1. Express in whole angstrom the spacing between the alpha-carbon centres of segment 302-329 and segment 19-66.
2. In whole Å, what are the extents of the chain along the principal axes defined by its C-alpha atoms, from largest to smallest?
3. Which one, 286, 304, 99, projects farthest toward the positive side of the charge dipole computed for the chain from Cβ point charges (K/R +1, D/E -1)?
4. Report relative contact order for the chain in percent, whole number only (criteria: Cα-Cα under 8 Å, sequence separation at least 6).
5. Restricting to Cα pairs below 8 Å that are 6+ residues apart, what does the relative contact order work out to for segment 219-404? Please round to a whole percent.
6. For segment 4-91, take every pair of Cα atoms, bin their distances at 5 Å starting from 0, and report each bin as a whole percent.
7. Based solely on its DSSP helices, what 222 nm [θ] is calculated for the chain when runs of n ≥ 4 H residues each add -39,500 (n - 2.57) and the sum is averaged over all residues, nearest 500 deg cm²/dmol?
8. Give me P(r) over segment 303-402, computed from all C-alpha to C-alpha distances, binned every 5 Å, as integer percentages.
Amino acid sequence: MTEWLALYLNPVDPTARALTWSTIASSLSKGVFFSVSVLYFTRVAGFPAATVGLGLTIAGCLAVAAALGAGYLARAIGARQVLVLATAGQGVALLAYLLARTPAAFVVVASVAVCGQAMQRTALTTMIAESFTAADRLAVRARLRVVMNVFIALGTALAAIALAVGTRPAYRVAMLATGALTLVSAYTLVRARRPPQSAHVETDPARRTRSGRPTRRSPLRDRTYLAITALYALLSMQFGLLTVGMPLWVAGHTRAPAVTVAVLLAANTVIVSVLQLWAARRTTDLRSSGRAITQAGALLALACALYAIAAYGSPAIAVAFLVLAAIAHSLAEILSEAGSWTLAFELADPANAGAYQGVSQTGAALGAMLAPLLVTTTLEHGAAGWAILAAVFPAAALTTQALCRQPRPHRSVRPPHRL
């Protein structure tokens, strides 16, 4: 247990340690926010559900551009600075929810909060890309994802106190906690010791301008990278399938008890927390990443079939098939994420890491924006809808694997920064 805590919560590298403690604070905030925000917006702030949905949709659209822009901003002022500013901005926005009284104010605050979160993801992946190499990058990313899942679960448990009390002051305190924890996350990054300055990008002399500066490939002209990003947007809809589609399906189309939803989400958290680092260790190059993503596509197709079958059995049979579906879905999640991380790092030009990671995170933002609408619309058609999803996921995965096999331009080389 002590070794586990040291590995995940107190890594030796100062950059990894700063990111870990920042992730702990922000994940606690997310766990509380996910649990109480919608109820706060509708029951305490008094906004109609349609206003909340529209505001979050507008915010999601803006977040797509924010994720892309953060990459170029990181190149200009540094990924660490962007991460600190975006995290602090989101913290202020979360606190501002307490002051929002009109629909217009809600849309503005939601846009700042969601855009800040999108910029954080870009800045985080850029910072990892610039600070570590090869397996170290994947190990750090995997450990951070484990920490995130564990502390989101803990944040959800803390939010249960506010939900149990159920009063307006309790909801306000919970929302206040989300903003405060996010500001702590930003403060942790500011106070952390800066990483060594020796880690820098070295490029082939043939890829330098006459002035000696390294040339940079533009991700917007990199067709393979753009295609893989678009395919990742399709694959990342699996998260909306789990958090939006699955609960609606269980409640409206199966005979399983409603508590099954909580059990399935808890199982997903446990599986991801236990196996994400294992999956990252299996995806160290383009070939293994393409293979992992293909396996994920097959598992997602299997999960879709099991979810669909759950609608045709008794409560016990429905629960059994739903549990099997959640296991397949969770395994697909860890494999697809690990493979996608490797592709996002290895196919990028290290001399232009910020811009490339911005494009990569744009795919994630697109998937998050489109998933609720596409998943709910598809599942309205029952088994036929599940069949469509079961075809889309493996098709995207196989196409990704094919693109991984294409030859790439000569990449920049970075001296290793060991953990």
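Quick note: the coordinates plus some simple rules give every number you see, no bench work behind them. What you see is a predicted model; the values in this text were computed from it and never measured. Virtual Cβ from ideal backbone geometry, glycine too; neighbours counted across all protein chains shown.
1. 30
2. 68, 46, 45
3. Working it through, the farthest residue towards the positive pole turns out to be 286.
4. Values: 694 pairs, mean separation 108.9, N = 419.
Once normalised by length, the contact order is 26 percent.
5. On the way: 260 pairs, mean separation 74.0, N = 186.
Answer for segment 219-404 is 40 percent.
6. Going from the shortest bin to the longest, the percentages are 3, 11, 14, 17, 18, 15, 11, 8, 3, 0.
7. Numbers: 15 runs with 319 residues, N = 419.
Helix contribution divided over all residues of the chain: -26500 deg cm²/dmol.
8. 2, 11, 15, 20, 19, 13, 9, 6, 3, 2, 1, 0
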